[in-house]
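The values are calculated or read from the model by the stated rules, or taken from the named source; none is laboratory data. No experiment lies behind these values; they were computed from the predicted model shown. All Cβ positions, even for glycine, are placed from backbone atoms using ideal geometry, and neighbour counts span all protein chains on display.
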Amino acid sequence: MLRRTVTAKRKALTNDLKDLLRRSRTSGVPKYVVLRETLLDLIKAGRWRPGDRFPTEDELLERTPYSLGTVQRALRCLVDKRILIRRQGLGSFVADLPKRLDHSRHCKFVEQLGAGFLPIYSKVTARRVIQDTGPWSRCLGPAALYLRIDRRIGIDNDFLVVSRFYCDPAVLTYLQDCAVDELNGANFVALIDNRCNVQVRTLGSYVTVQKFPKEICTELGMKPNALGMLVQATARAADDQYVYYQEFYIPRVDRPLYFSEEVGFVPDTHRALRK
């Protein structure tokens, strides 16, 4: 009975792969990209859930028309994007998919045809209280402690952005006390307004190109001292006090990053960052 069930599942997977590959095959698109996106679609559809063991290279070779090199490259992309986790001696497993972030204020990348913005997925990788000072302390002012939230942001499963968010935990208490999962995929501006009762009025972004710190290069899979774009984002309330300071580390990509002035928001002059 068990053997019949396993055989049926394998046959269903083979049929699903063939169907998706047939529908997604596009002239000019590399084969590994077609396979990668097909596997990702199946993960999103629930074929494999977080924690499930993923098919091996040999199993995918049996069920797809691709070479070993194509299969390996597609799987490596999924591992690099943290969709899959490799465990020594055990194989690959499906990771928790990041939640989609809607209406991002600071991280809007334009689609290739310029028809809209790429979908964004965010996941908190760390949340802690720190005493360190830096650009955030110049914005937020002197404080005994600062709350730092680290996020990994996936841009359309195409590339990663690393975010460092700083605020005063005495002001934005909810961000420190809530379950971490509530912060995954969350629009922080909306969360601050709805949960912390602090209305953000002024947004700003200060952009520079510089060498990334070692820890950022490691997280993004870049070579040490690699150049990238640093976006220092700030938000201020109606009383002109800074609400948060945030950093976005963006690797070199060919996607335009869009900044806009929205109704109800006034551009920040970044006086604190220029000190």
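Things worth noting here:
- Selected residue (criterion: nearest to the chain's Cα centre (by Cα)) from residues of the range 191-236 that are part of a loop (DSSP other than H, G, I, E, B) and closer than 29 Å to Lys81 by Cα: Gly221
- Of all the residues in the range 70-111, those that are touching a residue at least 12 places away in the same chain (Cβ under 8 Å) and within 20 Å of Arg36 (Cβ to Cβ) number 24.
- Verdict on Lys81 being touching a strand residue (DSSP E or B) at 6+ places or on another chain (Cβ under 9 Å), under 20 Å from Pro251 (Cα atoms) and of a type outside the set (A, V, I, L, M): yes
- Residue within the range 140-149 that is crowded, with 18+ Cβ neighbours inside 10 Å and under 24 Å from Arg73 (Cβ atoms) present: no
- The single condition from (1) out of contact with any strand residue (DSSP E or B) (no Cβ under 8 Å at 6 or more places or on another chain); (2) modelled with pLDDT of 85 or more that Trp136 fails is (1).
- Some residue of the range 107-123 being among the β-branched types (Val, Ile, Thr), surrounded by fewer than 18 Cβ atoms within 10 Å (Cβ to Cβ) and under 30 Å from Ser205 (Cβ atoms): yes
- Boolean, Cys178 is of a type outside the set (Asp, Glu), under 22 Å from Tyr242 (Cβ atoms) and more than 16 Å from the chain's Cα centre (by Cα): yes
- Single condition Arg53 does not satisfy, out of (1) modelled with pLDDT under 90; (2) closer than 29 Å to Ile120 by Cβ; (3) surrounded by fewer than 18 Cβ atoms within 10 Å (Cβ to Cβ): (1)
- Members of the range 185-224 found to be in contact with a Leu (Cβ under 9 Å, 6 or more places away or on another chain), among the polar types (S, T, N, Q) and under 26 Å from Asp96 (Cβ atoms), listed by number: Asn187
- Residue match in the range 138-152 (condition: farther than 20 Å from Val171 by Cβ and touching a residue at least 24 places away in the same chain (Cβ under 8 Å)): yes
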